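Following: one structure in C-alpha cells, then a few remarks.
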Amino acid sequence: MDSKTVLHIADIIKLHVSESEIASFCNDLEKRLKLAEQLQNVDTKGVEPVFCAAFDKPVLRKDVEHEPLSVEELAKMSPKQFDPEAPGYRVPNVF
C-alpha cells in the first residue's frame, strides 16, 4: 500500500487525509488487506450460512402504533434551529 493509493481511496470516499496521517492509513489498510486475504483462504465447504451470529432468531421489538410527533415537538428535539419556512433538520455530519 503506497501513499498514492491511500490518497486515491480517500478521494473516492471524500475523506480528508493530512500528510501526517498517510503513513498510518497505509499501515492500517495493509493490515486489513492481509486479513481479508487470510479470510479468503479459509475452507468454508459444508458450513451453513449464518444471518445473525449472536442469536438463533433475530430479536425484534413489537410493532406498536404511536401518535405521530408534531412539527413543534420535533423542532424541540432538533439540535439546530428549525426554520418553518424551509422545513428540515440540520444534523451532524456522519463522515
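Read the figures in this text as sums done on the coordinates, not as results from a lab. Predicted model, so just to flag it, every value in this text is computed and none were measured. FYI the Cβ positions are ideal-geometry reconstructions off the backbone, even for glycines, and counts take in every protein chain you see.
Please work out, to two decimal places, the log10 of the ratio I(q)/I(0) at q = 0.13 Å⁻¹ from a Debye calculation in which every Cα of the range 10-55 carries one identical scatterer.
Here log10 of I(q) over I(0) equals -0.55.
Please give the charge dipole size of the range 1-63, origin at the Cα centre, charges +1 on K and R Cβ atoms and -1 on D and E Cβ atoms. Round to the nearest 20 debye.
Values: 9 positive and 11 negative charges, 62 e Å.
Roughly 300 debye, rounded to the nearest 20.
Using a Förster distance of 41 Å, how high is the FRET efficiency between SER70 and LYS45, based on the Cβ-Cβ distance and rounded to 0.05? Could you put the intermediate results ahead of the total?
On the way: r = 57 Å, r/R0 = 1.38.
Efficiency computed from Cβ-Cβ geometry: 0.15.
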